[in-house]
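Q: Below you will find the structure I want to go over with you.
Readers should treat all values here as calculations from the given coordinates under stated rules, not as data from a laboratory. Model, not experiment: these values are computed from the prediction. Here Cβ is always computed from backbone atoms with ideal geometry, including for glycine, and neighbour counts include all displayed protein chains.
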2 protein chains.
Amino acid sequence: MPQPVSQRATVKRIPKRGVYDRATIDRILDEGLICHVGFSADDQTFVLPTIHVRVGDNVYLHGSPASRLLQALAEGAAACLTVTLVDGLVLARSAMHHSMNYRSVVLFGTATVVEDRAEKWNALRALTEHLIPGRWADIRVPTEQELRQTLVLAIPIHEASAKVRSGPPLDDEPDYDLPAWAGVIPLRLAASDPVSDPRLRRGIEPPAYAANYSGPR
Amino acid sequence: MPQPVSQRATVKRIPKRGVYDRATIDRILDEGLICHVGFSADDQTFVLPTIHVRVGDNVYLHGSPASRLLQALAEGAAACLTVTLVDGLVLARSAMHHSMNYRSVVLFGTATVVEDRAEKWNALRALTEHLIPGRWADIRVPTEQELRQTLVLAIPIHEASAKVRSGPPLDDEPDYDLPAWAGVIPLRLAASDPVSDPRLRRGIEPPAYAANYSGPR
C-alpha cells in the first residue's frame, strides 16, 4: 500500500481514512469542479477558491497576472491545494457520530510559471475540457495576446494525500437499539437545464454537453 | 454600501464582485455545507475542509481535540475560513471569457475555545440543525463526557468579505456574432433517496427531513 512521502502530507486525524495511491488522488482531483488554495503572505494565511485541472503529474491553475493568489504562488509561496467532494450526510443515532461521506485531496507544493507556449496552450484547453468536456471545439480559442495576458501555473503532484469516508454511520453499540432512523443521504452536484445568453443569436440550441451536463470529465 | 473593514478583507481581483454587507455574507455562510480553513504552522500553510455553523456574529467549528486544525486554531493561529458555493458554469463564446457563477465568503480571524457549557451545547445543536434541519429532536444528545471530548471554537464575523458572480457570459463585442451557443449551466447540490443503515431496526422509515433533503437551513 502506498505510504505518505512526507510528514506534512500524512493524514493525522483518523489515519485509517488516509489514502496515498495516485489513482485515488487523481480521481478526486479530476472530479473536483473547484479547489481551495492556501498560501501565506505578510503573516496572514489566505484561502481562495479557483479552478484547476490535472494533466499527468501536474495540477494547473490559471488566471490574471493581477490575481493576488497567482502572484503569491508565482513568487514561490508554499501552497496547499485542497479539493473536497461531499458524497453524503451520515446520520447516526447519536449527535456525536454524525458525519459526512467525502473524498478530499490535500496537495503541498510550490508552483512554477508555465512559460512554454505549447504547455500553456494545453493547460488552458485542459482547464476548459475538464469543466465542460467537448466545449473547446466550439469556441474561439485564445489569441496570442490573450495567451500572454494569462498566467498559468503548475504544481507537481508529489506531496499529496487523500482522505476518504464512505459507508453507513458507526454508532456506539448500545445506541443501535434507539428508535431513530439512521443512514446516509447521498449528495451530488446536479445541473439544471441550460439558460441561454439573452444575447444569443436566434436558432442556436444548447449542445448536448450543456443540455446533459454531468460534471467534470 | 458597506465597505471592507481591513486591507486583507478587501476583494482585490475584480473589485466590483466584492460585497461587504452582513446579510449577503451570512446567507453564504448559512448555505454552505462545508468550509475550507487555512492556517500556517511551521512555515507551512494547511487548508482543510470541515463543517461550520453561523450563530449570530460567530462561526463555530468543532471536532476532536486531537485534530491538527483545531489544535492550531485553539493555539491562536491566524485563520482564514472560506465558503464557496458554485451556482453555475458560464459558457462564453471565447475560451478566455468562460467563468463560473459563484458566491464565496472569506473570513479572517482568530478562534477562541468555547468553554461555556451552554454556548458549547448550542453550537453543537446548531451544527447538526444547520446541516440537517429537524435532526436534533430525533437523536441521542451528547453526554457530559462527549461534551468534554469535543472541542468547539468560535471565530467572530468581523473581517469578512463576499465575492459574487452571477448572470450570463460577458463576451468581447465582436464575438457575439460567432455561431457558438453561450449561456449558463446552473449547478446545485442535490440529494438522492436516503440509504438506510444496514443495521437499522425493522420498521423505521426515513424521516421527511432525510427523504426530502434540500440543503442546509
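Q: So what's the projected area for chain A, the Cα convex hull averaged over all directions, in nm²?
A: 16.4 nm²
Q: Still on this model: Could you name the aspartates and glutamates whose alpha carbon sits less than 20 Å from that of residue A:120, not counting residues in the same chain fewer than 8 places away?
A: A:30, A:57, A:75, A:129, A:138, A:144, A:146
Q: Still on this structure, please answer the following. Residue B:200's amide H: which non-local residues (gap 5+, or another chain) put their own amide H closer than 5 Å, with H modeled 1.01 Å from N in plane and none for Pro or chain starts?
A: So residue B:200 has HN proximity to no qualifying residue.
Q: Can I ask one more? Work out from phi, with θ = phi - 60° and the Karplus expression 6.51 cos²θ - 1.76 cosθ + 1.60, the ³J(HN,Hα) of each residue of region B:175-186, listed in order in whole Hz, and give x for Gly and Pro.
A: Coupling constants for region B:175-186: 6, 5, 7, 5, x, 6, 5, 9, x, 10, 9, x Hz.
Q: Same structure again: Report the relative contact order of region B:28-98, percent, no decimals, based on alpha-carbon pairs under 8 angstrom and at least 6 residues apart.
A: Across region B:28-98, relative contact order equals 34 percent.
Q: Among the lysines, which have Cα under 20 Å from the Cα of residue B:12 when same-chain residues fewer than 8 positions away are ignored?
A: B:163
Q: Same structure, new question: Under a 10 Å cutoff between Cα atoms, tell me which one of B:123, B:41, B:95 has the largest fluctuation in the Gaussian network model of chain B.
A: Evaluated over chain B, the most mobile residue of the options is B:95.
Q: Something else: Once phi is turned into ³J(HN,Hα) by the Karplus curve 6.51 cos²θ - 1.76 cosθ + 1.60 with θ = phi - 60°, what whole-Hz value does each residue of region B:138-144 show in order, with x for glycine and proline?
A: Once θ is set to phi - 60°, the couplings for region B:138-144 become 9, 10, 6, 7, x, 7, 4 Hz.
Q: Let me ask something else. Using a label point 7 Å beyond Cα on the Cα-Cβ vector, give me the inter-copy distances for residue B:134 in nanometres, one decimal, shortest first.
A: 3.7
Q: Mean residue ellipticity at 222 nm from the helices of chain B, using -39,500 (n - 2.57) per DSSP H segment of n ≥ 4 over the full residue count, to the nearest 500 deg cm²/dmol?
A: -5000 deg cm²/dmol
Q: Let me ask you something else. Take the alpha-carbon centre of region B:1-57, take the same for region B:152-183, and report the distance between them in whole Å.
A: First find each Cα centre; the distance between them is then 16 Å.
Q: Let me ask something else about it. Let me see the pair-distance distribution of region B:1-111: every alpha carbon pair, 10 Å bin width, integer percents in order.
A: With a bin width of 10 Å, the distribution comes to 12, 40, 32, 13, 2, 0.
Q: Using only the C-alpha atoms of region B:17-61, find the volume of their convex hull and express it per residue in Å³.
A: 108 Å³
Q: Once both axes come from the Cα atoms, what is the angle between helix B:117-131 and the longest principal axis of chain B, in degrees from 0 to 90, rounded to 10?
A: Between helix and principal axis, roughly 50 degrees.
Q: While we're on this one: As a test of understanding, state the convex hull volume per residue of the protein assembly as shown from its alpha carbons, in Å³.
A: Per residue, the Cα convex hull of the protein assembly as shown comes to 151 Å³.
Q: Please list log₁₀ I(q)/I(0) at q = 0.20, 0.32, 0.35 Å⁻¹ for region A:167-208, using the Debye equation with identical point scatterers on the alpha-carbon positions.
A: -0.79, -1.20, -1.28
Q: Follow-up question, since we're still on this one. For helix A:22-31, what angle does its Cα long axis make with the longest principal axis of chain A, in degrees from 0 to 90 and rounded to 10?
A: 70 degrees
Q: With the label 7 angstrom out along Cα to Cβ, how close does residue A:3 come to the same site in each of the other copies, in nm, nearest first?
A: The projected label point of residue A:3 is separated from its counterparts by 5.7 nm.
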